[in-house]
Amino acid sequence: MSAEHGFTKEYLDWLLESASIDHDGTVANSRGVVTEEFNTRHRTNHKVIDLCQWDTVRNWSLEIGMTKEEAEKENFDLWYKPETLLKAEPVPGAIEFLHELYMRDKDFIINSSRIPELRESTVNWYKIHAPFVEPFRIRTGMSGFEGLATKVNSINDVRRHLHIEDVPEHGRAILDYTHAHVILLSNSDDLKDIKSHRLTQIKGSPGEMPDFWDINKLFFG
């Protein structure tokens, strides 16, 4: 989204006026803490970059001999345990990006597909790492609705201009069902078939996860 992408400063400024930012894997390094917890529990040596999908933990569990039921429980336990998720450190550059939006008085939200029961722990995470992000800005899933649907609804609610995401599946849905420009922080090639001016993908260096510093540079120089 810099000059080489053909976007003007006016377009970039417009995107920032109403932004939606995912939480897990985007602002918070939840992948890192989940991977670390799994390795500690089972004496494995998985890398964060290997946790490429939500059900990767289930697959890791199956590989070490768990039953399907045990693997599903382990996957759920690690992704939905507040005490574990609260340990996640911020993705490098993410807090700085949010603070810049706050200082510029931009209308932004944290738009997570987390289940409703995790809202309190999500708010507490921001109290620790980004206390300037007021609770009203933090959106999580709604009871009775699938998490991705609530994420899409939150974008369409006020026609958000920008959404920053780390899950290709979610990025694709947001491109399909909203008018938002999507920045995808992912090394995946799952969206390589999409040719759209509304999709910008940022990949990490070989063997590394992408972070927010490139986004900061693109928007703020």
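Derivation of every value follows stated rules applied to the coordinates shown; laboratory data play no part. On a predicted model such as this, the values are computed, not experimentally measured, just so you know. Cβ placement follows ideal geometry from the backbone for every residue including glycine, while neighbour counts extend to all protein chains displayed.
General remarks:
- Qualifying GluC sites (Glu not before Pro) in the range 122-221, where qualification requires a DSSP coil assignment and no more than 15 other C-beta atoms within 10 Å, comprise E146, E208.
- Peptides 8-18, 122-132 ordered by average Cβ neighbours within 10 Å, highest first: 122-132, 8-18
- Cβ charges +1 (Lys, Arg) and -1 (Asp, Glu), total dipole of the chain, debye: 220
- For P135, net neighbour charge (Lys/Arg +1, Asp/Glu -1) across residues whose Cβ lies under 13 Å away: +2
- Remark on the range 1-111: Rg and Dmax equal 18.1, 55 Å (Cα only).
- Normalised by 2.2 N^0.38 Å, where N counts its residues, the alpha-carbon radius of gyration of the range 155-221 equals 1.10.
- Full-extension gain in nm, D13 to D157, via 0.36 nm per residue minus C-alpha separation: 49.8 nm
- Debye equation applied to the C-alpha atoms of the range 63-130, log10 I(q)/I(0) at 0.19, 0.22, 0.25 Å⁻¹: -0.86, -1.02, -1.16
- Along its first, second and third principal axes, ordered by size, the range 75-176 spans 36, 34, 23 Å in Cα coordinates.
- Charge dipole of the range 31-85 about the Cα centre (unit charges at C-beta), most positive-ward option of A71, P82, L51: L51
- Bridgeable lysines around K203 (alpha carbons under 20 Å apart, same-chain partners fewer than 8 residues away excluded): K47, K192, K195, K217.
- Summing charges over all other residues whose Cβ lies under 14 Å from the Cβ of R172, with Lys and Arg as +1 and Asp and Glu as -1, gives -4.
- Fraction of alpha-carbon pairs over 32 Å apart in the chain - percent: 15
- Eligible lysines near K73 by straight Cα distance, threshold 18 Å, same-chain separation 8 or greater: K81
- Cα pair distances in the range 31-85, grouped into 5 Å bins until the bin that holds the longest one, percent each: 4, 22, 36, 29, 9, 0
- Neighbour net charge for L85 - beta-carbon separation under 13 angstrom, K R +1, D E -1: -3
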